1. What list of ³J(HN,Hα) values in whole Hz, one per residue of the range 28-36 in order, does the Karplus curve 6.51 cos²θ - 1.76 cosθ + 1.60 (θ = phi - 60°) give from phi, with Gly and Pro shown as x?
2. Per DSSP H run of at least 4 residues, take -39500 (n - 2.57); add these up for the chain, divide by its residues and hand me the 222 nm value, nearest 500 deg cm²/dmol.
3. Quick one: with all protein chains in place, what share of the accessible area of the chain is carbon or sulfur, to the nearest percent (1.4 Å probe)?
4. Among 52, 125, 142, whose mean-square fluctuation peaks in a Gaussian network model of the chain (Cα, cutoff 10 Å)?
5. Highest GNM mean-square fluctuation, the chain, Cα pairs closer than 10 Å: which of 124, 69, 83?
6. Only one of the values (i) 15.4, 48; (ii) 20.9, 69; (iii) 14.4, 41 was calculated from this structure for Rg and Dmax of the Cα atoms in Å; name its label.
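The values are calculated or read from the model by the stated rules, or taken from the named source; none is laboratory data. A quick note: this is a predicted structure, and the numbers were derived from the prediction, not measured. These accessible areas exclude ligands, DNA and RNA; they are computed on the full protein's heavy atoms, side chains included. Shrake-Rupley method; radii C 1.70, N 1.55, O 1.52, S 1.80 Å.
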Amino acid sequence: DVYKRQLVILMHMGCNFGTWELPSLSASARPKHLKRIAEEFPDLKLIAAHLGGYTPFLPGKLLDEAIEVVNSSDNIYLDISAVYIEELIQKAIEEIGDDRLLFGSDYPAIANFCDRHTGLKNCVGWFASLDISLEAKQKIFGKNAREMLELGGRDGS
């Protein structure tokens, strides 16, 4: 029973809507499909990667859909991996709050920014520089993940 409560699935969401991934092949990778899973498995924690949809060509294309899904289910979270656009993160905070957002980097996939040569320094530095509250940064950077995984605080409580 303890293990059932602690199950977490992180899912890649969206597609590039361009040459790398055909939308027809990625139709199932939309945030709207998580709602049914969240309802059928309320103890399962779902993380929609990339603020609900990765696309360097149309950033934020699926963010409204992801926000709607997160607001409809208590067990869906969004990570911010590979979304280095402050306005999109601010929009997510404004519309769903900062309790179900998680830091993610997409390391080592972002060439010349967050890769095997640069490490996580740029990703973490960028996140630290955002114009959001210190409390939101602390939650997104680790507190939310600890709570979601039921790990307790820094002192192990």
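1. Taking θ as phi minus 60°, the curve returns 7, 9, 10, x, 4, 6, 6, 4, 5 Hz for the range 28-36.
2. -8000 deg cm²/dmol
3. Accessible surface attributable to carbon and sulfur in the chain totals 53 percent.
4. 125
5. Between 124, 69, 83, it is 124 that shows the largest mean-square fluctuation.
6. Checking each listed value against the structure points to (i).
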